[in-house]
Amino acid sequence: MKWVVYIHHTFLHAPIVLSIALACVGLTSLRREPEPLTGIIRWGGWATFGLIGLTAVSGLIVAPGWLGGAGSEGLTHHRSLGLVSWIVVGIATWAYEKGVRNDSTDWRRFAVGVWCVASLSILGTAHWGAAERHPEVIPWSETPYERPETRR
């Protein structure tokens, strides 16, 4: 099972960065949609959906209890928001694909709005995962912050 934990921790950063980048590129494309931005959002969306799926499934496999049900409160929030993020990214990807295939500006604009929601959802998921995994580096956690020693 260690390799599944490795997969989860290796691939979890890509959907965070990609979702924020796609939201930014999408907001940029709202004014005028040049062809390269449409391709970036379309294929970037599918890549993000695949990577977040891999991250979510590997996280569910290694979670304590049935689908993470035996975890702490923070881990439960992390799991729930992670699944919501996967669904929201799927909706954004589907809507943008539908907008491109049907040449519908309305669907593409809707998808950009959903990408913004997906980014917030993924950031929340990242927060709960980091708070659970690394509580010592979060200033407002109950565990006092201890600065790691610097090497010279």
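Each reported figure results from applying straightforward, stated rules to the coordinates on display, with no laboratory input. Just so it is clear, the structure is predicted and the values come from calculations on it, not from any experiment. Heads up, the Cβs are rebuilt from the backbone with ideal geometry, glycines too, and the neighbour counts pull from every protein chain shown.
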* **For segment 2-137: rounded, prolate or oblate by the Cα gyration tensor [a/c cutoff 1.5]** => prolate
* May I ask you to compute the full-extension gain from Tyr6 to Glu73, defined as 0.36 nm times their residue separation minus their alpha-carbon distance, rounded to one decimal in nm? => 21.9 nm
* **Pairwise label distance in nanometres, Arg31 with Trp43, each label 7 Å out on the Cα-Cβ vector** => 2.6 nm
* Structure fact -> Of the candidates Trp66, Val17, Tyr96, the farthest towards the positive dipole end of segment 2-137 (Lys/Arg Cβ +1, Asp/Glu Cβ -1, centred on the Cα centre) is Tyr96
* Structure fact -> Residue-ordered couplings for segment 89-98, obtained by feeding phi - 60° into the Karplus form 6.51 cos²θ - 1.76 cosθ + 1.60 and rounding to whole Hz (Gly and Pro as x), are 5, x, 5, 4, 5, 4, 5, 5, 4, 4
* Derived scalar couplings ³J(HN,Hα) [segment 116-130; Karplus, 6.51 cos²θ - 1.76 cosθ + 1.60; whole Hz; x for Gly, Pro] -> 5, 5, 4, 4, 5, 5, 5, 5, x, 4, 5, 4, 5, x, 5
* Taking the Cβ-Cβ separation of Arg101 and His13 as r and a Förster radius of 25 Å, what is the calculated FRET efficiency to the nearest 0.05? -> 0.25
* Structure fact -> Given unit charges at Cβ for Lys, Arg (+) and Asp, Glu (-), the dipole magnitude of segment 1-120 about its Cα centre in debye, nearest 20, is 60 debye
* Structure fact -> For 19-25, 5-11, ranked highest to lowest by mean beta-carbon neighbours within 10 Å, the order is 19-25, 5-11
